[in-house]
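Bear in mind these aren't lab numbers, they're just calculated from the coordinates by the rules spelled out. Computed from a prediction, not measured in an experiment: that's the story for all the values here. Because the Cβ atoms are built from the backbone with ideal geometry, glycine has one as well, and the counts that use them run over all protein chains shown.
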Amino acid sequence: MTYCLGVRLEAGLVLAADSRSNAGVDQVTHVSKQTLITVPGERVVAILSAGNLATSQAVTTRLLQAAGSGEARADVKAATSLFDVAELVGERLRDVVAHDAKHVEPYGDPTASFLVGGQIRGEPPRLFLVYPAGNFIEATARAPFLQVGETKYGKPILDRTLSHDSSLAEAAKIALLSFDATIRSNLSVGAPIDMLIYAKGSFTAEAQRTFAEADPYWLDLRRAYGEGLAALVADLPTPPGLR
């Protein structure tokens, strides 16, 4: 299992994924779950994956191999909208599962899910969640974040603090704290965390950062948040009947 989070804001996008891959307690590796396909000045597309690693890697590899080919219904760099890109991801996912599922199912779940976010010139930043069936939904101003993988532990802080009008800086901090909550509660999710902070209209993926387990900012953020929560709880009103 892994955890991927996408946030669509008025100011742009925040996209993050952990790197832990588990095949049993003694088979833990670190693999990037974030794939970027870009044309500087024209488009930035980020694809984040959760689920069966072989399936997700097969999907992203097919997309990377076709990128720039000009091949109809295959080339992310030729897609006219991010909706079309999400449709491509769904189609490639169906292709891979149809080819491999009968061989994989005796050993485990062959499916995967994806977040597809970015911007193509001529439209605003967009964010989609592609389900294992290959169909998908889009983030909106009322529902500005989407998650795949181990989602439940990191969701409460997003529900309480995040909105479409949040700044990129605020959203990046909230996203990392969502990962902190997940990592503290689930051993299948862990650093390094790959994060892309995309400013609307920039058409560049330069603001990409990887937070390793010992990253000073990551450690300081987690410490400050924990201490702040403890201080807040201490200041809250005491339940009636208790001293």
field: Contour excess over end-to-end distance, with Cα ends at Ser32 and Ile157 and 0.36 nm allotted per residue
entry: 42.6 nm
task: Please work out the Kirkwood hydrodynamic radius for region 132-186, using every pair of different C-alpha atoms, and report it in angstroms with one decimal place.
output: 12.1
message: What does the extension gain come out to for Ser167 and Arg142, with contour length at 0.36 nm per residue minus their alpha carbon separation?
response: 7.4 nm
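Using a Förster radius of 25 Å, what is the FRET efficiency between Ser188 and Gln65 based on their Cβ-Cβ separation? Nearest 0.05, please.
Values: r = 29 Å, r/R0 = 1.17.
The formula returns an efficiency of 0.30 here.
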task: Sticking to Cα atoms, compute the Rg of the chain to one decimal and its Dmax as the biggest Cα-Cα distance, whole number, in Å.
output: 18.8, 71
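Remind me, relative contact order of region 131-187 in percent, using alpha carbon pairs under 8 angstrom and six or more residues apart? Intermediate values should be presented prior to the final figure.
Working: 32 pairs, mean separation 21.5, N = 57.
It rounds to 38 percent for region 131-187.
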query: So what's the gap between the Cα centers of region 70-126 and region 168-243, to the nearest angstrom?
result: 29
- prompt: Ranked by Cβ crowding within 10 angstrom, fewest neighbours first, how are Leu64, Leu13 ordered?
  reply: Leu64, Leu13
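Out of the chymotrypsin sites (Phe, Trp or Tyr not before Pro) in region 86-158, which ones are loop residues according to DSSP with at most 12 other C-beta atoms within 10 Å?
On the way: sites: Tyr107, Phe114, Phe128, Phe136, Phe145, Tyr153; in loops: Tyr107, Tyr153.
Passing both the DSSP loop test and the Cβ count: Tyr107.
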